[in-house]
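Below: the structure, in structure tokens.
The values are calculated or read from the model by the stated rules, or taken from the named source; none is laboratory data. Source: prediction; values computed, not measured. Cβ atoms come from the backbone with ideal geometry, glycine included; neighbour counts cover every protein chain shown. Calculation scope for accessible area: heavy atoms of the full protein, side chains included, ligands and nucleic acids excluded. Shrake-Rupley method; radii C 1.70, N 1.55, O 1.52, S 1.80 Å.
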Amino acid sequence: MYDLLVIGAGPGGYVAAIRAAQLGMRVGVVEKEKALGGTCLRVGCIPSKALLETTERIYEVKKGLLGAKVQGLEVDLKALLAYKDKVVQANTQGIEFLFKKNGIARHLGTARFLSDRKVLVEETGEELSARFILIATGSAPLIPPWAQVDFERVVTSTEALSFPEVPQRLIVVGGGVIGLELGVVWHRLGAEVVVLEYMDRILPTMDAELSRAAEKVFKKEGLAIRTGVRVTAVLPQAKGARVELEGGEVLEADRVLLAVGRRPYTEGLALENAGLATDEKGRIPVDEHLRTPIPHIYAIGDVIRGPMLAHKASEEGIAAVEHMAKGFGHVDYQAIPSVVYTHPEVAGVGYTEEELKEKGIPYKVGRFPYAASGRARAMGETEGFVKVLAHAKTDRILGVHGIGARVGDILAEAALAIFFKASAEDVGRAPHHHPSLSEILKEAALAAWEKPIHL
């Protein structure tokens, strides 16, 4: 019998397994894919970032580097995709090494509950039992009923990572993080990209000021973005695909990427055998300690409430395991940042302005533009800003949002500030190295507290 059996080896499951082993628990993991790391490492975060980083360099060369002109640039798509696969392989092999290092037993196959303490590995027939069980099965692309997916012309994010050629025209249905990141990749490689978003703005879960700024930048870079658009059908054709809109308009493209969200993945788990059921959105209900209604069964990541973020799942995995082993474990959800890894990056942590208004929390705003930063000017990256939201009375930082070059890295400090309950004055007075992009956050914090120095 294991002390802990983890179902799923994504960024939530594998991190939880390692932490449990560090705490002296005997750990087993059931994962149906041969490669460890889940969606994030295999067909999500890591491969998409490999493509985003490399195509950003290609795009910079194409538009002309500062003080230099490059001629004769050719893109080897096959080599680019091979590099992406190499990065993925290195990461998945790294997790295999960590499993061996920490003495974690790996079971290849699909898990199905036999009871609240026993799990069957379908493919091997193994019956595994444990004192604690952690469900970390993640999510899958959401395919709406009006879409016909053939995984070639009408695709999900998985297939969009490996098109064999650059599509002449790509339609992206969904203006969220996944749609924009992959749309940007193929646009940089030469595709005409059209983004269709049902809501009145792209990135609808982020701060509204940020969404509006991002839309302007992406349009300026050449993406066609249409908001407030209702798609009624997506169909593959003999050549390419068609998208039908409410009102009768029809759009055609070589390929269509469906990026309308993800759904919790619980198929085949037979949760009912463990005394569990999902809610109306297909999620597994948990309490503040990540326990399901069956106290020795925990659930984390995309399969429970909250944003579907790899680092959220990892933090929850650690918190759940520490609660099992020590009786306490905690995740500060307000300190979990969200980043869109386009160029410029778009990122936020903590409350948005809209949330503060809805909750009636008094706040003040401090903004500082990239254009006023010496480092940003030296980089030729003057597009964007950072915005600090602080409590109007206590000065405690409630949220930080930004758009600009490497703003995701800048917001790491903001997440730490929120985690430690820092004030805008704290961040504004803290020394920041010069010249650096981090000074933009310092100045925005000063602006929220009192006044910035360089504006």
**OP:** Could you rank 14, 341, 370 by how accessible they are, 1.4 Å probe, largest area first?
**Re:** 341, 14, 370
Subject >> Alpha-carbon Debye profile of region 62-179, log10 I(q)/I(0) at 0.09, 0.10, 0.23 Å⁻¹ >> reply: -0.51, -0.61, -1.29
Subject >> Around residue 297: net Lys/Arg minus Asp/Glu count, Cβ-Cβ under 15 Å >> reply: +1
Original post:
Relative to the Cα centre, what is the charge dipole magnitude of region 77-205, using +1 at the beta carbon of each Lys and Arg, -1 at the beta carbon of each Asp and Glu, and rounding to the nearest 20 debye?
Top reply: 500 debye
Subject >> Per residue accessible area of the chain, 1.4 Å probe, in Å² >> reply: 45 Å²
Original post:
When the C-alpha atoms of region 97-154 are aligned to their principal axes, what extent does each axis show, in angstrom, from largest down?
Top reply: 43, 31, 20
Subject >> Estimated translational D of region 1-129 in µm²/s (Stokes, Kirkwood radius over Cα pairs; 10 °C; 1.306 mPa s) >> reply: 94 µm²/s
Original post:
Going out from 0 in 10 Å bins, what whole percent of all Cα-Cα distances in region 332-421 drops into each bin?
Top reply: 18, 48, 28, 6, 0
Original post:
Got a sec? Which residues in region 172-207 would a label at residue 60 touch, if it sits 7 Å along Cα→Cβ and we count backbone N under 19 Å?
Top reply: 184-190
**OP:** Would you please put 301-312, 223-234, 73-84 in order of how densely packed they are, using the mean number of other Cβ atoms within 10 angstrom per residue and starting with the highest?
**Re:** 301-312, 223-234, 73-84
Original post:
In percent, what relative contact order does region 55-147 have, based on Cα pairs under 8 Å that are 6 or more apart in sequence?
Top reply: 11 percent
**OP:** Return the tail of the calculated pair distribution for region 290-337, meaning the percent of Cα-Cα pairs more than 12 Å apart.
**Re:** 60 percent
**OP:** Please tell me the relative contact order of region 388-446 in percent, rounded to the nearest whole number, where contacts are Cα pairs under 8 Å and at least six residues apart.
**Re:** 33 percent
**OP:** Binning at 10 Å from 0, report for region 257-302 what percent of all alpha-carbon pair distances ends up in each bin.
**Re:** 24, 54, 17, 6, 0
**OP:** Return the FRET efficiency for the residue pair residue 1, residue 140: r is the Cβ-Cβ distance, R0 is 35 Å, and the value is rounded to the nearest 0.05.
**Re:** 0.70
Original post:
To the nearest 0.05, what FRET efficiency results for residue 101 and residue 34 with a Förster distance of 25 Å applied to their C-beta separation?
Top reply: 0.80
Original post:
How big is the accessible area of residue 391 in square angstrom, nearest 10, if you roll a 1.4 angstrom probe over the protein chains?
Top reply: 40 Å²
Original post:
So what does residue 146 come to for accessible area, using a 1.4 Å probe and Å² rounded to 10?
Top reply: 80 Å²
**OP:** Take every Cα-Cα distance within region 119-251, group them into 10 Å bins from 0 onward, and report for each bin the whole-number percent of pairs it holds.
**Re:** 10, 36, 28, 12, 11, 3
Original post:
Can you list the residues of region 25-63 with backbone N under 14 Å from a point 7 Å past the Cα of residue 90, pointing along Cα to Cβ?
Top reply: 46-47, 49-51, 53-54
Original post:
Are there any helices in the chain, counted as whole DSSP H runs, that stretch 27 Å or more along their axis by Cα and score at least -1.0 on average by Kyte-Doolittle, and if so which?
Top reply: 77-101
Subject >> Rh by Kirkwood over Cα pairs, then Stokes-Einstein D for region 237-317 at 0.890 mPa s and 25 °C, µm²/s >> reply: 158 µm²/s
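Note down the relative contact order for the chain as a percent, whole number, built from C-alpha pairs under 8 angstrom at least six residues apart.
So the answer I get is 14 percent.
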Original post:
Using the scaling law 2.2 N^0.38 Å as the reference, what is the normalised Cα Rg of the chain?
Top reply: 1.03
**OP:** Using only protein heavy atoms and a 1.4 Å probe, report how much of residue 57 is accessible, in Å² to the nearest 10.
**Re:** 130 Å²
Subject >> Förster radius 25 Å - calculated FRET efficiency between residue 334 and residue 409 (Cβ-Cβ, nearest 0.05) >> reply: 0.80
**OP:** For residue 123 paired with residue 83, estimate the spin-label separation in nm (one decimal), with each label point 7 Å from Cα along the Cα-to-Cβ line.
**Re:** 3.2 nm
Original post:
Label-point separation (nm) for residue 22 and residue 436, each offset 7 Å from Cα along Cα-to-Cβ?
Top reply: 2.5 nm
Subject >> Computed lengthening from residue 216 to residue 287, 0.36 nm per intervening residue step minus Cα-Cα distance >> reply: 21.5 nm
**OP:** Describe numerically, in nm with one decimal, the distance between label points set 7 Å from Cα along Cα→Cβ at residue 233 and at residue 420.
**Re:** 5.9 nm
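Kindly provide the chymotrypsin sites (Phe, Trp or Tyr not before Pro) of region 228-330 that DSSP labels as loop, not H, G, I, E or B, and whose Cβ sees at most 14 other Cβ atoms within 10 Å.
328
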**OP:** Quick one: which residues, 5 or more positions from residue 299 or on another chain, have an amide H under 5 Å from its amide H? H modelled 1.01 Å from N in the peptide plane, none for Pro or chain starts.
**Re:** 135, 292
